[in-house]
Amino acid sequence: MKHFLQFKDLDAEELAYLFARTRVIKERFKRYEPYHPLSDRTLVMIFEKASTRTRLSFEAGMHQLGGSAIYLNTRDSQLGRGEPVEDAAQVISRMCDLVMIRTFEQSIIERFAAHSRVPVINGLTNEYHPCQILADIFTFIEHRGDIRGRVVAWIGDANNMLYTWLQAAELLGFTVQVSSPVGYQVDPALAGSSAACMRRFDRPIDAARGADLVTTDVWTSMGFESENEARRRAFADWQVNEELMAAADPQALFMHCLPAHRGEEVQAEVIDGPRSVVWDEAENRLHVQKALMEYLLRGRL
Ligand code: CP
Ligand code: NVA
(Lines give C-alpha, C1' and ligand atoms only; values in the text may rest on other atoms or scores of the structure.)
(Ligands and ions follow the chains in the order given, each with its own letter.)
Protein backbone atom coordinates (compact mmCIF):
# COMPACT_ATOMS: atom_id res chain seq x y z
CA MET A 1 0.00 0.00 0.00
CA LYS A 2 1.28 3.43 -0.97
CA HIS A 3 0.43 6.86 0.46
CA PHE A 4 1.01 10.26 -1.18
CA LEU A 5 1.80 12.44 1.83
CA GLN A 6 4.60 14.41 0.24
CA PHE A 7 5.87 14.78 -3.31
CA LYS A 8 8.89 12.55 -2.76
CA ASP A 9 6.65 9.60 -1.88
CA LEU A 10 6.75 8.98 -5.63
CA ASP A 11 10.02 8.43 -7.49
CA ALA A 12 10.97 9.89 -10.88
CA GLU A 13 9.91 6.75 -12.71
CA GLU A 14 6.49 6.68 -11.04
CA LEU A 15 6.04 10.37 -11.84
CA ALA A 16 6.79 9.73 -15.51
CA TYR A 17 4.19 6.94 -15.46
CA LEU A 18 1.62 9.21 -13.78
CA PHE A 19 2.13 12.03 -16.27
CA ALA A 20 1.77 9.60 -19.19
CA ARG A 21 -1.35 8.15 -17.59
CA THR A 22 -2.75 11.65 -16.99
CA ARG A 23 -2.50 12.34 -20.72
CA VAL A 24 -4.52 9.19 -21.51
CA ILE A 25 -7.17 9.91 -18.87
CA LYS A 26 -7.47 13.55 -19.93
CA GLU A 27 -7.88 12.65 -23.62
CA ARG A 28 -10.60 10.11 -22.81
CA PHE A 29 -12.40 12.71 -20.70
CA LYS A 30 -12.20 15.26 -23.54
CA ARG A 31 -13.71 12.67 -25.92
CA TYR A 32 -16.56 12.04 -23.42
CA GLU A 33 -15.53 8.37 -23.20
CA PRO A 34 -16.76 6.74 -19.98
CA TYR A 35 -13.91 5.19 -17.99
CA HIS A 36 -14.73 3.47 -14.70
CA PRO A 37 -11.68 1.69 -13.27
CA LEU A 38 -12.74 2.59 -9.70
CA SER A 39 -16.37 1.41 -9.76
CA ASP A 40 -17.63 0.58 -6.27
CA ARG A 41 -14.65 2.34 -4.69
CA THR A 42 -15.21 5.09 -2.12
CA LEU A 43 -13.02 8.11 -1.44
CA VAL A 44 -13.39 9.95 1.88
CA MET A 45 -12.28 13.59 1.76
CA ILE A 46 -11.51 15.25 5.10
CA PHE A 47 -11.21 19.04 5.15
CA GLU A 48 -9.92 20.99 8.14
CA LYS A 49 -9.39 24.07 5.91
CA ALA A 50 -11.47 25.66 3.14
CA SER A 51 -11.26 24.51 -0.48
CA THR A 52 -12.83 24.99 -3.89
CA ARG A 53 -10.48 23.29 -6.37
CA THR A 54 -9.29 20.40 -4.24
CA ARG A 55 -12.77 19.33 -3.19
CA LEU A 56 -14.22 19.75 -6.65
CA SER A 57 -11.41 17.96 -8.48
CA PHE A 58 -11.31 14.98 -6.11
CA GLU A 59 -15.09 14.64 -5.89
CA ALA A 60 -15.74 15.04 -9.63
CA GLY A 61 -12.69 12.90 -10.44
CA MET A 62 -13.82 10.01 -8.27
CA HIS A 63 -17.33 10.09 -9.79
CA GLN A 64 -15.87 10.17 -13.30
CA LEU A 65 -13.78 7.07 -12.50
CA GLY A 66 -16.94 5.22 -11.44
CA GLY A 67 -16.56 5.55 -7.67
CA SER A 68 -18.10 7.78 -5.05
CA ALA A 69 -16.77 10.47 -2.74
CA ILE A 70 -17.81 11.47 0.78
CA TYR A 71 -17.02 14.91 2.21
CA LEU A 72 -16.25 15.34 5.92
CA ASN A 73 -15.17 18.51 7.67
CA THR A 74 -14.18 19.44 11.19
CA ARG A 75 -17.24 21.59 11.83
CA ASP A 76 -19.90 18.88 11.62
CA SER A 77 -18.06 15.62 12.32
CA GLN A 78 -16.43 14.29 15.48
CA LEU A 79 -13.05 15.28 14.01
CA GLY A 80 -13.46 18.80 15.37
CA ARG A 81 -14.40 17.57 18.83
CA GLY A 82 -11.13 16.01 19.83
CA GLU A 83 -11.47 12.40 18.64
CA PRO A 84 -7.87 11.19 18.34
CA VAL A 85 -6.54 11.16 14.77
CA GLU A 86 -5.46 7.54 15.26
CA ASP A 87 -9.00 6.46 16.18
CA ALA A 88 -10.52 8.38 13.28
CA ALA A 89 -8.03 6.71 10.90
CA GLN A 90 -8.93 3.22 12.16
CA VAL A 91 -12.65 3.79 11.70
CA ILE A 92 -12.67 5.79 8.47
CA SER A 93 -10.25 3.46 6.69
CA ARG A 94 -12.43 0.42 7.46
CA MET A 95 -15.31 1.94 5.52
CA CYS A 96 -13.65 3.28 2.39
CA ASP A 97 -10.89 2.56 -0.13
CA LEU A 98 -9.01 5.84 -0.21
CA VAL A 99 -8.68 8.95 1.99
CA MET A 100 -7.73 12.53 1.04
CA ILE A 101 -6.96 14.95 3.87
CA ARG A 102 -6.46 18.73 3.99
CA THR A 103 -5.20 19.73 7.42
CA PHE A 104 -2.69 21.79 9.40
CA GLU A 105 0.59 20.14 10.49
CA GLN A 106 2.10 17.40 8.32
CA SER A 107 2.39 15.31 11.50
CA ILE A 108 -1.44 15.00 11.57
CA ILE A 109 -1.62 13.36 8.15
CA GLU A 110 1.36 11.15 9.00
CA ARG A 111 -0.34 9.93 12.18
CA PHE A 112 -3.52 9.27 10.20
CA ALA A 113 -1.63 7.32 7.53
CA ALA A 114 0.20 5.25 10.15
CA HIS A 115 -3.18 3.96 11.37
CA SER A 116 -4.95 3.72 8.02
CA ARG A 117 -5.76 0.49 6.19
CA VAL A 118 -6.06 2.37 2.88
CA PRO A 119 -3.92 4.84 0.92
CA VAL A 120 -3.91 8.45 2.15
CA ILE A 121 -3.42 11.50 -0.11
CA ASN A 122 -2.24 14.91 1.08
CA GLY A 123 -4.75 17.54 -0.13
CA LEU A 124 -2.61 20.32 1.48
CA THR A 125 -0.88 20.69 4.83
CA ASN A 126 1.03 23.62 6.29
CA GLU A 127 4.21 22.04 4.90
CA TYR A 128 3.24 20.57 1.49
CA HIS A 129 0.72 20.64 -1.38
CA PRO A 130 1.86 17.72 -3.54
CA CYS A 131 -1.28 17.31 -5.70
CA GLN A 132 -0.96 20.93 -6.82
CA ILE A 133 2.65 20.47 -7.91
CA LEU A 134 1.67 17.33 -9.86
CA ALA A 135 -0.80 19.52 -11.76
CA ASP A 136 1.70 22.36 -12.18
CA ILE A 137 4.41 20.14 -13.63
CA PHE A 138 1.95 18.34 -15.90
CA THR A 139 0.81 21.78 -17.12
CA PHE A 140 4.40 22.88 -17.73
CA ILE A 141 5.09 19.70 -19.73
CA GLU A 142 1.94 20.22 -21.84
CA HIS A 143 3.00 23.75 -22.75
CA ARG A 144 6.80 23.55 -22.85
CA GLY A 145 7.94 19.90 -22.73
CA ASP A 146 10.31 18.27 -20.23
CA ILE A 147 10.99 20.24 -17.05
CA ARG A 148 14.44 18.69 -16.49
CA GLY A 149 17.15 21.35 -16.58
CA ARG A 150 14.63 24.20 -16.51
CA VAL A 151 14.40 27.12 -14.08
CA VAL A 152 11.34 27.85 -11.93
CA ALA A 153 11.20 31.23 -10.16
CA TRP A 154 9.39 31.28 -6.81
CA ILE A 155 8.44 34.80 -5.69
CA GLY A 156 7.12 35.13 -2.14
CA ASP A 157 6.39 33.12 0.96
CA ALA A 158 8.40 30.01 1.84
CA ASN A 159 5.21 27.99 2.21
CA ASN A 160 3.73 24.57 1.43
CA MET A 161 3.92 25.25 -2.33
CA LEU A 162 7.60 26.19 -2.27
CA TYR A 163 8.67 23.18 -0.16
CA THR A 164 6.82 20.93 -2.60
CA TRP A 165 8.46 22.62 -5.62
CA LEU A 166 11.82 21.95 -3.98
CA GLN A 167 11.08 18.24 -3.54
CA ALA A 168 9.99 18.07 -7.17
CA ALA A 169 13.15 19.85 -8.31
CA GLU A 170 15.30 17.29 -6.55
CA LEU A 171 13.39 14.36 -8.07
CA LEU A 172 13.04 15.71 -11.60
CA GLY A 173 16.27 17.71 -11.97
CA PHE A 174 15.40 21.38 -12.26
CA THR A 175 16.33 24.56 -10.34
CA VAL A 176 14.14 26.78 -8.18
CA GLN A 177 15.20 30.46 -7.95
CA VAL A 178 13.68 31.81 -4.76
CA SER A 179 13.16 35.29 -3.41
CA SER A 180 11.28 35.74 -0.11
CA PRO A 181 11.19 38.68 2.33
CA VAL A 182 13.32 38.55 5.44
CA GLY A 183 11.46 36.63 8.13
CA TYR A 184 9.60 34.48 5.58
CA GLN A 185 12.53 32.63 4.04
CA VAL A 186 13.15 28.93 3.54
CA ASP A 187 13.69 26.81 6.64
CA PRO A 188 16.72 24.66 5.78
CA ALA A 189 15.50 21.88 8.09
CA LEU A 190 12.24 21.56 6.15
CA ALA A 191 13.92 21.90 2.75
CA GLY A 192 16.40 19.13 3.66
CA SER A 193 18.47 17.79 0.76
CA SER A 194 16.19 19.54 -1.74
CA ALA A 195 17.80 22.86 -0.72
CA ALA A 196 20.60 21.91 -3.12
CA CYS A 197 18.21 22.60 -6.04
CA MET A 198 17.53 26.14 -4.82
CA ARG A 199 19.24 29.46 -5.65
CA ARG A 200 18.32 32.32 -3.32
CA PHE A 201 18.06 35.99 -4.29
CA ASP A 202 17.36 39.07 -2.20
CA ARG A 203 15.45 40.88 -4.96
CA PRO A 204 12.45 39.22 -6.64
CA ILE A 205 13.51 40.47 -10.07
CA ASP A 206 16.83 38.65 -9.76
CA ALA A 207 15.01 35.39 -8.95
CA ALA A 208 12.87 35.85 -12.08
CA ARG A 209 15.83 36.41 -14.40
CA GLY A 210 15.95 33.80 -17.18
CA ALA A 211 13.21 31.65 -15.60
CA ASP A 212 11.10 29.28 -17.73
CA LEU A 213 8.25 29.50 -15.24
CA VAL A 214 7.41 32.26 -12.78
CA THR A 215 5.12 31.32 -9.92
CA THR A 216 3.87 32.75 -6.66
CA ASP A 217 1.20 32.27 -4.03
CA VAL A 218 -0.81 34.28 -1.50
CA TRP A 219 1.08 36.37 1.05
CA THR A 220 -0.85 34.68 3.87
CA SER A 221 -1.64 30.98 3.71
CA MET A 222 -4.59 29.35 5.48
CA GLY A 223 -3.91 28.97 9.18
CA PHE A 224 -1.65 32.07 9.33
CA GLU A 225 -4.38 34.74 9.17
CA SER A 226 -3.31 36.33 12.46
CA GLU A 227 -0.08 37.42 10.69
CA ASN A 228 -2.00 39.16 7.91
CA GLU A 229 -1.06 42.76 8.70
CA ALA A 230 2.64 42.07 9.29
CA ARG A 231 2.75 40.03 6.08
CA ARG A 232 1.10 42.80 4.02
CA ARG A 233 3.94 45.10 5.01
CA ALA A 234 6.72 42.53 4.56
CA PHE A 235 5.53 41.27 1.13
CA ALA A 236 4.67 44.65 -0.44
CA ASP A 237 7.62 44.41 -2.90
CA TRP A 238 7.07 40.70 -3.68
CA GLN A 239 4.58 41.04 -6.51
CA VAL A 240 4.77 39.31 -9.87
CA ASN A 241 4.24 42.22 -12.24
CA GLU A 242 5.04 42.96 -15.87
CA GLU A 243 8.49 44.29 -15.04
CA LEU A 244 9.36 41.05 -13.28
CA MET A 245 7.95 38.91 -16.13
CA ALA A 246 10.09 40.93 -18.57
CA ALA A 247 13.19 39.70 -16.73
CA ALA A 248 12.18 36.06 -17.23
CA ASP A 249 12.78 34.04 -20.39
CA PRO A 250 10.68 35.41 -23.32
CA GLN A 251 8.84 32.04 -23.35
CA ALA A 252 8.24 32.03 -19.58
CA LEU A 253 4.87 30.89 -18.27
CA PHE A 254 3.08 32.23 -15.19
CA MET A 255 1.37 29.92 -12.71
CA HIS A 256 -0.53 30.40 -9.44
CA CYS A 257 -2.25 27.60 -7.53
CA LEU A 258 -5.21 29.92 -6.81
CA PRO A 259 -7.09 31.51 -5.15
CA ALA A 260 -5.19 34.68 -6.18
CA HIS A 261 -5.27 38.24 -4.90
CA ARG A 262 -4.82 40.62 -7.83
CA GLY A 263 -2.89 43.70 -6.74
CA GLU A 264 -1.10 41.78 -3.97
CA GLU A 265 1.12 38.84 -4.96
CA VAL A 266 0.26 39.23 -8.66
CA GLN A 267 -0.66 42.09 -10.95
CA ALA A 268 -3.93 41.60 -12.86
CA GLU A 269 -2.11 42.17 -16.17
CA VAL A 270 0.07 39.12 -15.47
CA ILE A 271 -2.48 36.60 -14.20
CA ASP A 272 -4.98 37.65 -16.88
CA GLY A 273 -2.30 38.07 -19.54
CA PRO A 274 -1.02 35.87 -22.38
CA ARG A 275 1.73 34.08 -20.42
CA SER A 276 -0.59 32.94 -17.66
CA VAL A 277 -1.72 29.29 -17.74
CA VAL A 278 -3.61 29.35 -14.44
CA TRP A 279 -6.87 27.94 -15.85
CA ASP A 280 -5.13 24.97 -17.46
CA GLU A 281 -3.25 24.53 -14.20
CA ALA A 282 -6.49 24.44 -12.20
CA GLU A 283 -8.19 22.05 -14.66
CA ASN A 284 -5.22 19.71 -14.57
CA ARG A 285 -5.81 19.08 -10.86
CA LEU A 286 -8.72 16.93 -12.03
CA HIS A 287 -6.72 14.90 -14.53
CA VAL A 288 -3.54 14.29 -12.47
CA GLN A 289 -5.53 13.30 -9.40
CA LYS A 290 -7.58 10.81 -11.41
CA ALA A 291 -4.30 9.24 -12.54
CA LEU A 292 -3.04 9.30 -8.94
CA MET A 293 -6.17 7.66 -7.50
CA GLU A 294 -6.13 5.01 -10.21
CA TYR A 295 -2.46 4.30 -9.47
CA LEU A 296 -2.89 4.10 -5.69
CA LEU A 297 -5.90 1.75 -5.98
CA ARG A 298 -5.18 -0.30 -9.10
CA GLY A 299 -1.43 0.05 -9.70
CA ARG A 300 -0.23 0.23 -13.29
CA LEU A 301 -2.86 -0.51 -15.93
N1 CP B 1 -5.20 25.39 -5.27
C2 CP B 1 -6.02 24.84 -4.36
O3 CP B 1 -5.68 23.85 -3.67
O4 CP B 1 -7.24 25.42 -4.28
P5 CP B 1 -8.37 25.19 -3.18
O6 CP B 1 -7.87 25.78 -1.88
O7 CP B 1 -9.57 25.90 -3.71
O8 CP B 1 -8.61 23.70 -3.02
N1 NVA C 1 -0.36 28.33 0.31
C2 NVA C 1 -1.81 28.37 0.23
C3 NVA C 1 -2.27 27.47 -0.87
C4 NVA C 1 -3.77 27.44 -1.06
C5 NVA C 1 -4.20 26.47 -2.11
C6 NVA C 1 -2.40 27.97 1.56
O7 NVA C 1 -1.87 27.04 2.19
O8 NVA C 1 -3.37 28.58 1.98
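The values are calculated or read from the model by the stated rules, or taken from the named source; none is laboratory data. Given the structure is predicted, the values throughout are model-derived calculations rather than measurements. Here the Cβ is made from the backbone with ideal geometry for all residues, glycine too, and neighbour counts use every protein chain on show. Surface accessibility is based on the protein's heavy atoms, side chains included, excluding ligands, DNA and RNA. Shrake-Rupley method; radii C 1.70, N 1.55, O 1.52, S 1.80 Å.
Once the Cβ-Cβ distance between Arg111 and Ser77 is put in as r, and R0 is 22 Å, what FRET efficiency do you end up with, to the nearest 0.05?
0.80
With every protein chain kept in place and ligands, DNA and RNA left out, what is the accessible area per residue of segment 59-181? Probe 1.4 Å, answer in Å².
34 Å²
When the gyration tensor of segment 24-105 is built from Cα positions, what are the square roots of 5 times its three eigenvalues, in whole Å, from largest to smallest?
28, 14, 8
Tell me, what is the percent relative contact order of the chain, built from C-alpha pairs under 8 Å that lie six or more residues apart?
Rounded, it is 20 percent for the chain.
Given the Cα-Cα distance of His36 and Arg94 and 0.36 nm per residue of separation, how much length would full extension add, in nm?
18.6 nm
When a/c reaches 1.5 or more, the comparison of a/b and b/c decides; with that in mind, is segment 88-187 rounded, prolate or oblate per its Cα gyration tensor?
oblate
I want to check the label-to-label distance for Asn241 and Arg203. Put each point 7 Å from Cα in the C-beta direction and report it in nm to one decimal.
For the pair Asn241/Arg203, the computed spacing is 1.4 nm.
Just from its helices, what would the mean residue ellipticity at 222 nm be for the chain, if runs of 4 or more DSSP H residues each count -39500 (n - 2.57) and the sum is divided by every residue, rounded to the nearest 500 deg cm²/dmol?
Calculated at 222 nm, the ellipticity per residue is -12000 deg cm²/dmol.
Starting from the Cα-Cα distance between Gln251 and Met1, subtract it from 0.36 nm times their residue separation and give me the gain in nm to one decimal.
85.9 nm
How many angstrom lie between the C-alpha centres of segment 79-126 and segment 136-163?
Between the Cα centre of segment 79-126 and that of segment 136-163, the gap is 28 Å.
On a 0 to 90° scale, report how tilted helix 53-64 is relative to the longest principal axis of the chain, with both axes built from alpha carbons and the result rounded to the nearest 10.
Between helix and principal axis, roughly 40 degrees.
Based on the Kirkwood radius over alpha-carbon pairs, what is the Stokes-Einstein translational diffusion coefficient of segment 76-141 at 25 °C with 0.890 mPa s viscosity, in µm²/s?
The diffusion coefficient I find is 193 µm²/s.
Can you pull out the GluC sites (Glu not before Pro) in segment 11-42 that DSSP calls coil and that have at most 15 other Cβ atoms within 10 Å?
When the GluC sites (Glu not before Pro) of segment 11-42 are filtered for loop state and at most 15 Cβ neighbours within 10 Å, nothing remains.
Pop the C-beta distance of Leu301 and Arg144 into the FRET formula with R0 = 30 Å and round what comes out to the nearest 0.05.
Approximately 0.60, to the nearest 0.05.
Work out the FRET efficiency for Ala50 and Ala20 from their Cβ-Cβ distance, taking R0 = 35 Å, and round it to the nearest 0.05.
The computed FRET efficiency comes out at 0.60.
Would any residue of segment 157-196 have its amide N under 12 Å from a label point 7 Å out along Cα→Cβ of Glu269? List them or say none.
Correct set: none at all.
Please work out whether segment 43-153 counts as rounded, prolate or oblate from its C-alpha gyration tensor, where a ≥ b ≥ c are the square roots of the eigenvalues and a/c under 1.5 means rounded, while otherwise a/b larger than b/c means prolate and anything else oblate?
prolate
For q = 0.12, 0.13 Å⁻¹, what log10 I(q)/I(0) does segment 139-296 give under the Debye formula with an equal point scatterer on each alpha carbon and no solvent?
Here the Debye-derived log intensity ratios amount to -0.49, -0.58.
Taking segment 187-236 on its own, what percent of its Cα-Cα pair distances exceed 17 Å?
In whole percent, the long-distance tail amounts to 57.
Rounded to the nearest 10 Å², what accessible area does Leu162 have for a 1.4 Å probe in the complete protein model?
So the heavy atoms of Leu162 present about 0 Å² to solvent.
How much of the accessible area of segment 1-81, in percent, comes from carbon and sulfur atoms when a 1.4 Å probe is used?
Summing carbon and sulfur atoms, their accessible area is 50 percent of the total for segment 1-81.
Working only with C-alpha atoms, what are the Rg and Dmax values of the chain, expressed in angstrom?
18.8, 54
Grab every C-alpha pair in segment 228-301, bin the distances at 10 angstrom width from 0 up to the longest one, and report whole percents.
Percent of pairs per bin, in order: 17, 36, 25, 16, 6, 0.
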